[in-house]
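J.: Quick one: the structure is below, and I'll ask about it shortly.
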Amino acid sequence: MIEFKNVTLEYPVTRTLALDDVSIGVGKGEFVYLVGHSGAGKSSFMNLVLKRALPTRGEVRIGGEPLTRYRGRRTALLRRRIGTVFQENLLLEHLNTQDNVAFTLRVTGVPQREWPARVASALRTVGLEHKKHALPLQLSQGEQQRVAIARAIVSDPPLLLADEPTGNLDPENGREVLKVLQNVHLRGTTVIVATHARELVETFRHRTLTLRKGKLVRDDPYGGYAL
Ligand SMILES: Nc1ncnc2c1ncn2[C@@H]1O[C@H](COP(=O)(O)OP(=O)(O)OP(=O)(O)O)[C@@H](O)[C@H]1O
Ligand SMILES: [Mg+2]
C-alpha cells in the first residue's frame, strides 16, 4: 500500500536531514509502529505520506503510484482517503460527539442518509455510543481522543495515520486508545502509529519500525522497543 524507495528528506532553509535513504513497504491491512527519539523523523514520514512534504531524493508510492503523479484535486482526494489523528485534536466545542464525528462526512461528501449508520459504527469502534450526546467539555481527555479517532475513521479511509495519539494521556487512557486503534485495524484499515510510548509498544505487539536520526535502523516483525 505504501512504499518508500530510497527516500531522503532534507528540509530546505535549515538543511536538516529528517529522513536519510529510507526504503520500506507497508502492506494493506498492516498495523505498524514508528518509534524513535524526538527528531528521528517520525512526523516527517507521516508528512511524506500525506504529501505535505516532498522527498529531496527517492520516491514515495501509494497503491503503486508515485505521489508525484498526484496533482491538484487528486492530492485532496488522496488526503481524504487517509484518516489522521494527532496528539492534539481540536473538536468543535459547540458540537456533541456524534455531530463532531458526522462533520467529516459533510466535508467528504458522503450522502446524508448514510450518516447515522456510519457515525454509529465509528462510535461503536471507539466504545463511545453512550456519550454520543456529550459536548467535548463533558468528556475526559481519553474520551476526546477517541472521538477524534471516530472522526478520522467515519468515512472508512483505507489508511489511518496516528502521530503520538497517546502523547497527552495517562497510561490507562493510552491503553484504551491503543485498544481502539487495534479495533480500527480489525475493521481492515491499515494503521501506522508514531509513538514514544514504550510500554504500549511492548504490550500490544505489532511490526515496529525504528528510526534513528532519519535512518531506518530496525524493522522488527514481532515488535518490541529497542532504542
Ligand atoms: N518544517 C521543518 N523545517 C525544518 N526542519 C524540520 C521541520 N520539521 C521537522 N524538522 C526537523 O527534522 C527532524 C525530524 O523531525 P520530525 O518532526 O520528523 O521528528 P519526530 O521523530 O516526529 O520527533 P518528535 O518525537 O519530537 O515528534 C528534526 O531534526 C526536526 O528539527
Ligand atoms: Mg513528531
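Nothing in this text is a laboratory measurement; each read-out follows from the coordinates by a stated rule. Computed from a prediction, not measured in an experiment: that's the story for all the values here. Please note: Cβ atoms are built from the backbone with ideal geometry, for glycine as well, and neighbour counts cover all protein chains shown.
J.: Below 19 Å, Cα to Cα, which aspartates and glutamates can Lys5 reach? Residues fewer than 8 away in the same chain don't count.
T.: Asp20, Asp21, Glu30, Glu59, Glu65, Asp219, Asp220
J.: Next up: Which net charge results when you count Lys and Arg as +1 and Asp and Glu as -1 among the other residues whose beta-carbon is under 9 Å from that of Leu139?
T.: Net of charged neighbours comes to +1.
J.: Per residue, how much space in cubic angstrom lies within the convex hull of the C-alpha atoms of segment 96-227?
T.: 117
J.: Would you kindly give the portion of the calculated P(r) for segment 143-188 that falls above 15 Å, as a percent of all Cα pairs?
T.: In whole percent, the long-distance tail amounts to 37.
J.: About its Cα centre, how strong a charge dipole does segment 102-191 have in debye, to the nearest 20, once Lys and Arg get +1 and Asp and Glu get -1 at the Cβ?
T.: For this selection, approximately 380 debye.
J.: Quote to one decimal, in nm, the extra length available between Tyr11 and Glu172 on full extension: 0.36 nm per residue of separation minus the C-alpha distance between them.
T.: Taking Tyr11 through Glu172 to full extension adds about 54.3 nm, to one decimal.
J.: Okay, next question. Order by neighbour count: Tyr33, Tyr11, Tyr222, Tyr70, fewest other Cβ atoms within 10 Å first, most last.
T.: Tyr222, Tyr11, Tyr70, Tyr33
J.: Please report, in whole Å, how far the alpha carbons of the chain spread along each principal axis, starting with the longest.
T.: The principal-axis extents, from largest down, are 48, 40, 33 Å.
J.: Here is a follow-up. Expressed as a fraction of 2.2 N^0.38 Å, the rule-of-thumb size for a compact globular protein of N residues, what is the C-alpha radius of gyration of segment 66-153?
T.: 1.16
J.: Considering the dipole of the chain built from charges on the beta carbon (Lys and Arg +1, Asp and Glu -1) around the Cα centre, which of Pro111, Thr203, Tyr70 is farthest to its positive end?
T.: Tyr70
J.: Could you please state, rounded to a whole Å, how far the C-alpha centre of segment 27-45 is from the C-alpha centre of segment 142-210?
T.: If you average the Cα positions of each part, the centres end up 12 Å apart.
J.: If you count, for each residue, the other Cβ atoms within 10 Å and average over each peptide, how do 131-137, 190-196 line up from highest to lowest?
T.: With the highest mean Cβ count within 10 Å placed first, the list reads 190-196, 131-137.
J.: Something else: With charges only on Cβ, +1 for K and R and -1 for D and E, what is the dipole size of segment 112-164 about its Cα centre, in debye, rounded to 20?
T.: Rounded to the nearest 20 debye, it is 260 debye.
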